[in-house]
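Scroll down for the structure; my scribbles are underneath it.
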Amino acid sequence: MTPLEIKSAVLSLNESVLTADRLKAVKDFVPSAEEIKMLLDYPSKSELGNAEQYYLQVRRSTCSLQKIQR
């Protein structure tokens, strides 16, 4: 799944996409505030790797991520 697809699935809480294994993986890889700040300050976002792109996408879905963590 792409970072954008993961973000969409999290925001919609799509159970057909968010299997138990995927939910665990998403829950285990929630970016910290410090990590997000570093990425937002990075000058060339197009050079970021997949993990960093994932963090940038899921940072916009923190409310849904908090629901997943419960």
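The values are calculated or read from the model by the stated rules, or taken from the named source; none is laboratory data. In this text the structure is predicted, and so the values were computed from the model without any measurement. Here the Cβ is made from the backbone with ideal geometry for all residues, glycine too, and neighbour counts use every protein chain on show. The protein model used for the area step is the full one, side chains on, heavy atoms only, and it has no ligands, DNA or RNA in it. Shrake-Rupley method; radii C 1.70, N 1.55, O 1.52, S 1.80 Å.
Would you pick out the residues in segment 1-41 that are outside any helix (DSSP H, G or I) and open to solvent by 90 Å² or more (accessible area, probe 1.4 Å)?
Residues satisfying the conditions are Met1, Glu15, Ser16, Phe29.
Taking the stated definitions as given, is Leu48 at pLDDT 85 or above and surrounded by fewer than 16 Cβ atoms within 10 Å (Cβ to Cβ)?
For Leu48, the condition - at pLDDT 85 or above and surrounded by fewer than 16 Cβ atoms within 10 Å (Cβ to Cβ) - is met.
Enumerate the pairs (first residue in segment 35-55 and within 17 Å of Glu5 (Cβ to Cβ) and in contact (Cβ under 8 Å) with a residue 24 or more places away in the chain; second residue anywhere and open to solvent by less than 90 Å² (accessible area, probe 1.4 Å) and part of a loop (DSSP other than H, G, I, E, B)) with beta-carbon separation below 7 Å, excluding pairs fewer than 6 apart on the same chain, so at least 6 apart or on different chains.
What qualifies is Tyr55/Pro31.
Evaluate the following for Gln53: is it open to solvent by less than 50 Å² (accessible area, probe 1.4 Å), at pLDDT 80 or above and not in a loop (DSSP other than H, G, I, E, B)?
Considered against the rule, which asks whether it is open to solvent by less than 50 Å² (accessible area, probe 1.4 Å), at pLDDT 80 or above and not in a loop (DSSP other than H, G, I, E, B), Gln53 comes out as no.
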